[in-house]
Amino acid sequence: SLETGEVRRYCPDPVCDHKPCQSGIPYHFLEVYDGKLYGTVSNKPSRLNVVDGSQIETVTNEKVTCSFHYDGKLYVQTANGDLAVLEEGQDKPRVILENCSLHSGAVFGPYIYAKISYFNYINIVRIDLTADAPALEVLVHNASGMADGQHIYYVDLKTYQLYRCNMDGSNPKLLVEQGVLPVSIN
């Protein structure tokens, strides 16, 4: 429970392997916002769920792959790769950026920072959520990594060297000369 810190199973079936589980517990694309846990029950498009204390509710009827909150609004990536916003009082997300197919990301300030695949390349991008027409801004080409709000840490996918740069992609600094696997960034 987020309220008590108690750890217990949500699924009442003691022999359930939780793969087809109907408990609705999100365990992919997790985000904590306003004291609630948001996420999906599959790494494939599925409905977005929210856990508030011991209650689980479905947030979206449409399937999504990930979600982000900013300024009281819920941003979701739809099953077909569009970025959409679900504002309070709406029951259907409104598409704000088509075909962006984000992979794992986070919100810092007014930006979503994420990875995006282009053909055989992965780029680190950001999207300004306050823009009249949000667009992808590529910050680091051919790299995989993550942002922490201060810096972006990434592995160059040609050399596999670990770098750090500013949140706008400027001032890259080599941190480790030896090869680093992108999956080991955590």
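The values are calculated or read from the model by the stated rules, or taken from the named source; none is laboratory data. Please read all numbers here as calculations on a predicted model, not as lab measurements. Note that each Cβ is placed from the backbone with ideal geometry, even for glycine, and that neighbours are counted across all protein chains shown. We work out accessible area using only protein heavy atoms, side chains counted, and drop any ligands, DNA or RNA first. Shrake-Rupley method; radii C 1.70, N 1.55, O 1.52, S 1.80 Å.
Structure values in brief
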item	result
Distance-filtered residues of the stretch 35-62 - backbone nitrogen under 19 Å, label point 7 angstrom along Glu3 Cα→Cβ	35-38, 50-58
Debye-sum result for the stretch 126-186 in log10 I(q)/I(0), which assumes one identical scatterer on each alpha carbon, at q = 0.21, 0.22, 0.24 Å⁻¹	-0.79, -0.85, -0.97
Amide N proximity, the stretch 90-114 versus His69 label position 7 Å along Cα-to-Cβ, cut-off under 18 Å	90-91, 93, 105-113
Lys pairs under 18 Å by Cα in the chain, provided they are eight or more residues apart or on distinct chains	10
Accessible area of the stretch 20-104 belonging to carbon and sulfur atoms, whole % at 1.4 Å probe	43
Theoretical gain in end-to-end length, Val176 to His28 [0.36 nm per residue, Cα-Cα removed]	50.3 nm
His141/Val15 FRET efficiency (R0 45 Å; Cβ-Cβ; nearest 0.05)	0.40
The chain: proportion of alpha-carbon pairs further apart than 19 angstrom, %	62
Intensity falloff of the stretch 53-160 expressed as log10 I(q)/I(0), Debye formula with alpha-carbon point scatterers, at q = 0.10, 0.11, 0.17, 0.22 Å⁻¹	-0.30, -0.36, -0.81, -1.21
